[in-house]
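Undergrad: Have a look at this one before I ask anything.
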Amino acid sequence: MTRDEIYSSLRSKLRDVVPEIELRYKAELAYEIIRLKKEKNALILGHHYMEPALYHSIVDITGDSLELSRAAAQADNKIIVFCGVRFMAETAKILNPGRTVLLPSDEAGCSLADEINAEDVRRLKAEYPGAPVVAYINTSAAVKAEADICCTSGNAVSVIQSLDAENVIFLPDEYMARNVAKETGRQIIVPVRSQRRAGSGGGPKYRIISWHGRCEVHEKFSTTDVENVRKQFPDALILAHPECRPEVVAASDFSGGTSAMVRYIRESAAQRYLLLTECAMGENVAAAFPEKGMLRLCSVRCPHMNKITLETTLESLRSMKYVIEIPEDIRANAARALERMLVAAATDKLT
Ligand code: 13P
Ligand code: SF4
């Protein structure tokens, strides 16, 4: 693709989202990245939260955490550049250890993944012996290595239902655990630092033991946001990521992972939507469905996803950084938990 072709393609998708002067500059960066990607035999994976110009120019495969894990597992390129955050790049390395996996910024972590470590999981396992551990994909490799199975926002309910167990340890997102407990009719227990809090819902027999992790982006959305948008735009459908507070999910019209939201909008006839998730995704969806109106709440951004830009991706390919390394014993154990999820998703159509 020439520079002009990249610019024209970006312009056709983003002319209502990104000013032209910026598109010219971004097209130059994208051209250089695409050139280097071919030269080095690299595959670029991009999460839905990436900035629009990056998402719509250099990425070979876009998707949610589950789709990108599958793509990473199957990649036969020498290099995988992960335009996402650390736990996603680690997942790629765990599933495809023979590839060089690059994360364009060393600072692209995740507040949710940082809330729990392997020692916390070992303590919970000792307290609830025999309870299978489900690790949300937003966890470190060391936490996944302690788990029996992983899950993503797209298959958390099905993964829990597939486990024939009275007690399930589900980590680390308290709100997602509460949302899942509600959908599966289970009682929830969340250890809050030194004491324990038992939540409502379900009978006492089937329990989800969770953790007090929260996403710094999704926890900010409130029912007041939902009420205000409904007052101003009564025709808008409101979609909430399951990392949002349970009362926000309950007040919304639909809850699902990022790709489930995209599918919902594609299939819905409504003219206007509000996405309660990272704002860049609203911009990417607006570009994909120009005939549909997308409302955005952009005061809360994911500071980690925002570290990945065309500039950092270009530098990543030029200087081969930051290379993801995981000790082999941790990688092998984490791979077992991730592969169980991928097998279950493939056979039981979990997503
Ligand atoms: P998805 O798996 O739904 O893409 O979500 C990832 C994430 O980090 C949400 O904050
Ligand atoms: Fe982590 Fe939240 Fe950012 Fe997703 S949006 S990567 S859960 S901090």
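No lab work stands behind these numbers, since they all come straight from the coordinates. Predicted model only: the values in this text are computed from it and were never measured. Cβ placement follows ideal geometry from the backbone for every residue including glycine, while neighbour counts extend to all protein chains displayed.
Undergrad: I want the local charge near residue 256. Using Cβ-Cβ distances under 14 Å, sum +1 for each Lys or Arg and -1 for each Asp or Glu among the other residues. Don't jump to the answer; show the numbers that get you there.
TA: On the way: positive: 263, 266; negative: 64, 67, 183, 243, 253, 267.
After counting each charged neighbour, the total is -4.
Undergrad: I need the semi-axes of the equivalent ellipsoid of region 250-331: take the C-alpha gyration tensor, multiply each eigenvalue by 5, square-root it, list largest first in whole angstrom. Walk me through the numbers before you get to the answer.
TA: Working: eigenvalues 206, 58, 31 Å².
Three semi-axes, in Å: 32, 17, 12.
Undergrad: Okay, moving on. Neighbouring Cβ atoms within 10 Å as the yardstick, rank 294, 281 fewest first. Display every interim value, and only then the final one.
TA: Values: 294 21, 281 24.
Fewest-to-most ranking of 294, 281: 294, 281.
Undergrad: Tell me, what is a quarter of the convex hull surface for the C-alpha atoms of the chain, in nm² with one decimal?
TA: 17.5
Undergrad: Once fully extended, how much extra length lies between residue 247 and residue 291, figured as 0.36 nm per residue of separation less the alpha-carbon to alpha-carbon distance?
TA: Values: separation 44, 0.36 × 44 = 15.84 nm, distance 3.03 nm.
Taking 0.36 nm per residue and subtracting the Cα distance, the gain is 12.8 nm.
Undergrad: So if each residue of separation counts as 0.36 nm, and I subtract the Cα-Cα distance between residue 272 and residue 9, what length gain in nm does that give? Can you show the working numbers first?
TA: Numbers: separation 263, 0.36 × 263 = 94.68 nm, distance 2.52 nm.
Result: 92.2 nm gained on full extension.
Undergrad: Any idea how far apart residue 307 and residue 346 come out in nm if each label point goes 7 Å out from Cα toward Cβ?
TA: Taking the two extended label points, one gets 3.2 nm.
Undergrad: With θ taken as phi - 60° and the coefficients 6.51, -1.76 and 1.60, list the Karplus ³J(HN,Hα) couplings across region 41-49 in order, rounded to whole Hz; mark glycine and proline as x.
TA: Once θ is set to phi - 60°, the couplings for region 41-49 become 6, 10, 10, 10, 9, x, 6, 4, 8 Hz.
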